[in-house]
Protein chains: 2
Amino acid sequence: MFDQCLYFNTTSLARQLEREWTLAFKPYGLTPSQAFMLRVILAKAPIAYTNLAAELNITKATCSRTVEGLCKLNMVKRVQADADARSFELVPTTAARSIHEQLDESSAKVTRKIKKIIGEQQFNSVVSTLRSISTSIS
Amino acid sequence: MFDQCLYFNTTSLARQLEREWTLAFKPYGLTPSQAFMLRVILAKAPIAYTNLAAELNITKATCSRTVEGLCKLNMVKRVQADADARSFELVPTTAARSIHEQLDESSAKVTRKIKKIIGEQQFNSVVSTLRSISTSIS
DNA sequence: CCTAAAAATTTGCATAGCTAACTAAATGGA
DNA sequence: TCCATTTAGTTAGCTATGCAAATTTTTAGG
């Protein structure tokens, strides 16, 4: 019924992709949200909540809770920032660093699979359009 | 960091679109999930849970809860199906029927706005690609 | 110095989604 | 007919996310 609806098709595909990436990160005991956040922290540590939230395009509240989860899993440590006592910096633990490449590779694997199915060109085109819609309406 | 990632860009756009459609349906006291479900019921009543879930691409569990919400809002009534004692048919109330066109129009309005921003051609192309990815990987 | 405004996080409350386990009814053989 | 299987829907428990309000710590002005 909603074949032409951007909202419907985007949210619906998002749910399916959630399933794919859930499987990809399951071996590491991480959900997609946790894994993507950890990948940012691994790449950009030390990073503050505000920047992390911006990078992931989520609210600070959601960011706060996901960080909490990663801390409990011993993947991330909160360090008081020097400059500003209101702020924390997030750094990966050794455990996190040891799976850095595997996390990136697990995600890349799913990407390759989907690229293979729909074709590299269509893949790139749709991703870039999604990004452009996102930017346009924000 | 995830500019080329299908998962990231799809889920991220999904959250933004959620905000747009939330505003669109707010005047009717409905969330996007409720409004889309109600639109299906309005168009296809009487309809059973299983078909409704399939149409919306959600699980039966989610479907069950959303229906519950619509019943509480007096938008939908559950009717015991004649043929099968396990099954219910969902029908819209008079209140729901009275806003049928407005719901469709509210959604169409957001669609027109986004089409105007990104161009009709790109809009149609991305929607059809989303659908094709969805079908391919399911 | 002290007070008010601003910034960073957290917490409370709510929705939506999923999986898995469960109840009840229908169906299909033997 | 009776039992095993399938089907319809519900319920419980978990994650993700958002908004709004509360908290803590700075920073700015008098």
**Q.** First in the range B:80-94 and over 11 Å from B:ALA45 (Cα atoms), second anywhere and near DNA strand C (Cβ under 10 Å from one of its atoms) and assigned to a strand (DSSP E or B), Cβ under 6 Å, 6 or more apart
**A.** none
Q. Does any residue of the range B:46-63 turn out to be open to solvent by 50 Å² or more (accessible area, probe 1.4 Å), basic (Lys, Arg) and out of contact with any Asp or Glu (no Cβ under 8 Å at 6 or more places or on another chain)?
A. yes
**Q.** Scope the range A:54-80; condition within 14 Å of chain B (Cβ to nearest Cβ) and within 8 Å of DNA strand D (Cβ to nearest atom); matching residues
**A.** A:LEU56, A:ASN57, A:ILE58, A:THR59, A:ALA61, A:THR62, A:CYS63, A:THR66
Q: Please give the number of the condition A:LYS72 fails out of (1) without any contact (Cβ under 8 Å) to a residue 12 or more places away in the chain; (2) within 11 Å of DNA strand C (Cβ to nearest atom); (3) open to solvent by 40 Å² or more (accessible area, probe 1.4 Å).
A: (2)
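Tell me the residue from A:ALA24, A:ALA95 that is out of contact with any helix residue (DSSP H, G or I) (no Cβ under 9 Å at 6 or more places or on another chain) and either at pLDDT 90 or above or of a type outside the set (Val, Ile, Thr) (or both), please.
Within the list A:ALA24, A:ALA95, the selection yields A:ALA95.
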Q: Report, by residue number, each residue of the range B:35-44 that is surrounded by fewer than 17 Cβ atoms within 10 Å (Cβ to Cβ) and either within 12 Å of DNA strand C (Cβ to nearest atom) or under 17 Å from B:GLN80 (Cα atoms) (or both).
A: B:LYS44
Q. Can A:PHE25 be described as within 14 Å of chain B (Cβ to nearest Cβ), more than 30 Å from B:ILE47 (Cβ to Cβ) and open to solvent by less than 20 Å² (accessible area, probe 1.4 Å)?
A. yes
Q. Any residue in the range B:11-21 that is of a type in the set (Ser, Thr, Tyr), in contact (Cβ under 8 Å) with a residue 40 or more places away in the chain and either more than 12 Å from chain A (Cβ to nearest Cβ) or under 22 Å from A:ASP3 (Cβ atoms) (or both)?
A. no
Q. A:VAL91 fails exactly one of the following numbered conditions: (1) assigned to a strand (DSSP E or B); (2) under 23 Å from B:CYS5 (Cα atoms). What is the number of that condition?
A. (2)
Q) When only residues in the range B:75-86 that are open to solvent by 60 Å² or more (accessible area, probe 1.4 Å) and near DNA strand C (Cβ under 9 Å from one of its atoms) count, which is farthest from B:GLY29 (Cα to Cα)? A) B:ALA83
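The values are calculated or read from the model by the stated rules, or taken from the named source; none is laboratory data. These numbers were taken from a predicted model, which means no experiment stands behind them. Every residue, glycine as well, gets a Cβ built from its backbone with ideal geometry; the counts of neighbours run over all protein chains shown. SASA here: full protein model, heavy atoms, side chains in, ligands and nucleic acids out. Shrake-Rupley method; radii C 1.70, N 1.55, O 1.52, S 1.80 Å.
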